[in-house]
Every structure is written in structure tokens, then in C-alpha cells.
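Asks: Structure below; questions to follow.
The values are calculated or read from the model by the stated rules, or taken from the named source; none is laboratory data. Keep in mind that what you see is a predicted model, and the values were worked out from it rather than measured. Positions of Cβ are generated from backbone atoms using ideal geometry, with glycine treated the same way; all protein chains shown enter the neighbour counts. In case anyone asks, the SASA skips ligands and DNA or RNA and just uses the protein heavy atoms, side chains included. Shrake-Rupley method; radii C 1.70, N 1.55, O 1.52, S 1.80 Å.
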Amino acid sequence: MSVDDNAHAPVGHAPVAKPRADATVEEDGRFVLRVRLPLPDSARPRLLLQLRPKKGQSEETGRVVALESAGPDEWRAVLETAPALAEGRWDAYVLGAPGEERTPLLPGLRDLRTLVSGGDGRSAPLAVRIPYATKDGRLAVRTWLRASHAEAGRIVFSGRSMTVRARLFGPRLGEGAAALLYRRGREAAVRQTPLRAEGDQAFTFTVDYPDLLAEPGPNGAGAAAIWDVYVRPAAGAPRIRVARLLDDVADRKAVFVYPAATLGGVTARPYYTVDNDLSVEVAPTATR
């Protein structure tokens, strides 16, 4: 059973050396960890998921889950679907006896087959959890928690545009629905393009790159600019970020690499951010 806890373990002796965990996401969304942990059955280790703080901030409350004995040197933890984890990156640790230092979990096998379907049967609000290995070789869980969501799908390219197929979760598409591109920076600009509904909350929209090139970047003509992609479900409705969250890829920025179009010495290229949100980069060709 999972409980919320302050989860700040004092510095002391680590309970075990390099525990490793296999992770499985089940059909009902539960998250199961099987931890290889050489401890006697009388021990009471716990799993700690600690939300990674933003730069300059301190750690806040984590989530502690009991580890139950599942065989010789093996323990099992189940993270239920509720309560949902806040959006972010959660690092996994083992907690031993009180006063012992938390020990990072290493990643073992990750069975994510139930996530590959791409969101079939999902409804809003969306609570997405994907276990992954960090760059320094530890186990973590990437989470998203969104009341409404626009899931990006296939992107088709022409020489001067891109057409995005997506699906809306939450609000219904209505009159005045549009895709909105917001340029980052103090002197923000907005570009709007209509949506084409395709039934069952699916839709497409086309972004013409010349429309983005016509607006000078926030640092002047010829400077790079980033345009973030949103959907407005109907006239006057709040905008919703377009992202790709509903599969087994926790970090797709370096995995999904799309072609760049060159127009008059400037290139335009869609990409996914570190949060798996869809954006378009416009930059002088010489700087790429």
C-alpha cells in the first residue's frame, strides 16, 4: 500500500549495495517493481519515489511504498494508479531501517508492452508513468498529469510545410477550433491555423513554414526562434499543449528526429522538447 511521506532519510549507512529492479506496467496502469535485494525476510525495506526538484529548489514530499518479500533476495512493490504522481521526474530509491541513507535503484528489465498501444481506451484526465534509465544509470519514472491533452501522432512533410495528425483528450472540438503557434521570447508572436476534424476527437492541421519565417525572431531578423504548438478546442477555450506522451518513450527529443526544410537561407524543423511537447525551431542555415 502506498502512502505519502516526508521521505527525507538521514545520512547513515546504506542498507544494501546496488539494488536492481525490474519494472512492469500492467494493463490496469499499476506499476510493479521486483527488486533484487539481499536482505533477511525480517527486514522492512521500502521503496521511495522522490520528485526531482527544479533547479534552485529543495526536495519536497516523496512517495513511499512498502516492499513485500517475494522470494529469496527478492522484494515486490506495487504503485497503484491512485493517487496520481505529480508531473515530473521521480528518482527511485530503497529505504532501509530508520537512520539509514537511501540507496538509488538501478534499472533492470522494463516491460512496457502495455504502453505501446498509444493511448487506446484512455480518457482525460491523463496520468502517464514511464519507467526509464537516467543518463547516470539509475532507475527513474517520468510522469505527466494533464487535465486535458492533445496527443501528436504522425507528421507528414512537404517542402514548405508540415501536417500534424493528433487526437484531443478532454474537451470536445467545436466551432473556432485552431492550432496556435506561440513564439518564445519577450516579444511573443502568434500564428493560427485551422483544424480539420476527422472524427473520434482526431484532427489534423498544417503549419506553413513561410508564415513563421515572416516574423523576425525575438533577437532580431536572422536570429533563431522557437515556436511552441498548442490547440484551442473551440473559440474562447483555453489552449492545450500538443505533445506525445502515450507510448513507452520517456525522452523522445533525441529519438524522434524530423527533417528540416530550407527556405531562403533559413531552416524550419519540428522537434520534441525535453518534456515531449511539440515545437518548431526556425534558425539561419549557417548556424545549424
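Asks: What does the net charge come to around L33 if you take all other residues with beta carbon closer than 14 Å to its beta carbon, with K and R at +1 and D and E at -1?
Replies: Values: positive: R20, R30, R34, R36, R46, R63, R76, R110, R129, R138; negative: D22, E26, E68, E74, E80, D91, D111.
Every neighbour counted, the sum reads +3.
Asks: Please give the FRET efficiency for K18 paired with A147, using the beta carbon to beta carbon distance and R0 = 35 Å, rounded to the nearest 0.05.
Replies: Once rounded, the FRET efficiency stands at 0.35.
Asks: Taking 0.36 nm per intervening residue step and subtracting the Cα-Cα distance, what contour gain separates D136 from T114 on full extension? Each step should come with its number before you reach the end.
Replies: Details: separation 22, 0.36 × 22 = 7.92 nm, distance 2.62 nm.
In short, 5.3 nm is gained.
Asks: Counting helices only, and only those DSSP H runs with n ≥ 4, report the 222 nm mean residue ellipticity of the chain as the sum of -39,500 (n - 2.57) divided by its residues, in deg cm²/dmol to the nearest 500. Working shown, then result.
Replies: Values: 1 runs with 5 residues, N = 288.
That calculation yields -500 deg cm²/dmol at 222 nm.
Asks: Simple spin-label model, 7 Å along Cα-to-Cβ: R172 to D41 in nm?
Replies: Taking the two extended label points, one gets 5.7 nm.
Asks: Which whole-number percentage describes the relative contact order of the chain, with Cα contacts under 8 Å and a sequence gap of 6 or more?
Replies: Relative contact order comes out at 15 percent.
Asks: Over the chain, what percent of the accessible surface lies on carbon and sulfur atoms, probe 1.4 Å?
Replies: Numbers: 7320 of 14420 Å².
It is 51 percent, rounded to a whole number.
Asks: OK, next. Lysine pairs, Cα distance under 19 Å, 8 or more residues apart or cross-chain: how many in the chain?
Replies: Values: K18/K135; K54/K135; K55/K135; K135/K253.
So the count works out to 4.
Asks: Pick from G62, G153, G265 the residue whose mean-square fluctuation is largest in a GNM of the chain, springs joining Cα atoms under 10 Å.
Replies: Greatest mean-square fluctuation among the candidates belongs to G265.
Asks: Accessible area per residue of segment 33-137 at 1.4 Å probe, in Å²?
Replies: Heavy-atom accessible area per residue stands at 53 Å².
Asks: Label-point separation (nm) for S161 and D73, each offset 7 Å from Cα along Cα-to-Cβ?
Replies: The answer from the label model is 6.1 nm.
Asks: If you rank Y258, Y209, Y182 by how much accessible surface each has, with a 1.4 Å probe, what is the order from largest down? Show your work: numbers first, answer last.
Replies: Working: Y258 35, Y209 5, Y182 60 Å².
Reading off the accessible areas and sorting them downward yields Y182, Y258, Y209.
Asks: Need the full-extension length gain, A202 to R186, defined as separation in residues times 0.36 nm minus the C-alpha distance. One decimal, nm. Provide the component values of the computation, followed by the final result.
Replies: Working: separation 16, 0.36 × 16 = 5.76 nm, distance 3.30 nm.
Extending this stretch completely gives an extra 2.5 nm.
Asks: Out of the DSSP beta bridges found with both residues in the chain, what percent are antiparallel (nearest 5)?
Replies: For the chain, the DSSP antiparallel bridge percentage is about 95.
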